Amino acid sequence: MFFHQNQTSEIKKFYYKNGFAVIKDIFPKEDIHKVKKKVLSKLNKKNKDYYFEKFGKKNLLRRIERVTNYFSDIQNIAYSKKIFKILNVSYKNNVLFKDKLNFKFPNGAGFLPHIDGHFFWSKKDEKKIQKGWKVYSNKFTNIAIHLDKATKKNGCLFIANKNDTKKIGKNWGQITNKLAFNTPNISKKDFNKFKFHPMEVDIGDVVIFDWKCAHYSTKNKSKNSRMILYFTYCQNKSKKIRNKYYLDKKNSQTDEKFKGCIYTKN
């Protein structure tokens, strides 16, 4: 599960079998500290891409979507040679699909076990139902870059082997129809079919995982933050696919038939 960046063949073999891997010490800690410090000093909480959660009477910052638009240092990381070298263990012709920074300050909530991109959605004033991320590509890879040390106590990421997903479905349609209605969330009755592994990693470590790997995290019960950059890449020839995704997300809807649409609820 844990590798160093010079173990390319070992990483590729493990990733191909399991759908995820952890690569240690990709980014120097001092560089990550600088990025984190710059982000925290330049927060614009009125920005429409900032999302919050209620904790008592407080509004905790939960995440920033399209984070590469606002911080050049983060944009440089997303398009760095280091990241694309890691992506090559999955497949080539990768383009950035979506990007966010998850904060998870003390008491920050986790998220339910889910499988990325497997849900239905529709555009406003349109009856056509879209098939989640499958509209944009058939292959997606997530990169999680840790700005803080991640532990079980502060709500680290838990990831399951991609083969566990085959227990509920062999393809996009079968998988999606087994999930909680119109969400990517795993139903309670299927939870025990997945064996989740805690990603307890250090600052500057990178976790790579396939979009079919189920994953979740728990509440931050520590006194420290657990900030993670999430970059999702897809196999697509068009570099404009990211713009299309965010435009679709903006123009999506939630109605009674498709209550809980991920584009408006997550």
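For the stretch 179-200, the criterion of being touching a Lys or Arg at 6+ places or on another chain (Cβ under 6 Å), touching a residue at least 12 places away in the same chain (Cβ under 8 Å) and assigned to a loop (DSSP other than H, G, I, E, B) is met by no residue.
Can you list the strands (runs of 3 or more DSSP E) lying wholly within the stretch 1-115 that have 1 or more residues being free of Cβ contacts under 8 Å to residues at least 40 places away in the same chain, among the hydrophobic types (A, V, I, L, M, F, W, C) and over 29 Å from K193 (Cα atoms)?
50-55, 58-65
Just one residue in the set K152, K170 is farther than 15 Å from Y230 by Cα, touching an Asp or Glu at 6+ places or on another chain (Cβ under 8 Å) and surrounded by fewer than 16 Cβ atoms within 10 Å (Cβ to Cβ); that residue is K152. Of note, S122 satisfies the criterion of being assigned to a strand (DSSP E or B) and not basic (K, R). Taking the listed residues N154, N142, the one that is assigned to a loop (DSSP other than H, G, I, E, B), modelled with pLDDT of 95 or more and out of contact with any helix residue (DSSP H, G or I) (no Cβ under 6 Å at 6 or more places or on another chain) is N154, with no other qualifying. Among the conditions (1) surrounded by fewer than 19 Cβ atoms within 10 Å (Cβ to Cβ); (2) within 23 Å of Y16 (Cα to Cα); (3) basic (K, R); (4) modelled with pLDDT of 95 or more, the only one that K223 does not satisfy is (2).
The set of residues from the stretch 56-74 being surrounded by 14 or more Cβ atoms within 10 Å (Cβ to Cβ) and either under 13 Å from N102 (Cβ atoms) or at pLDDT below 95 (or both) comprises L60, L61, R62, R63, I64, E65, V67, I74.
Candidates F191, F196: the one that is more than 18 Å from the chain's Cα centre (by Cα), surrounded by fewer than 22 Cβ atoms within 10 Å (Cβ to Cβ) and of a type outside the set (A, V, I, L, M) is F191.
The values are calculated or read from the model by the stated rules, or taken from the named source; none is laboratory data. Keep in mind it's a predicted model, so treat the numbers as computed, not measured. Here Cβ is always computed from backbone atoms with ideal geometry, including for glycine, and neighbour counts include all displayed protein chains.
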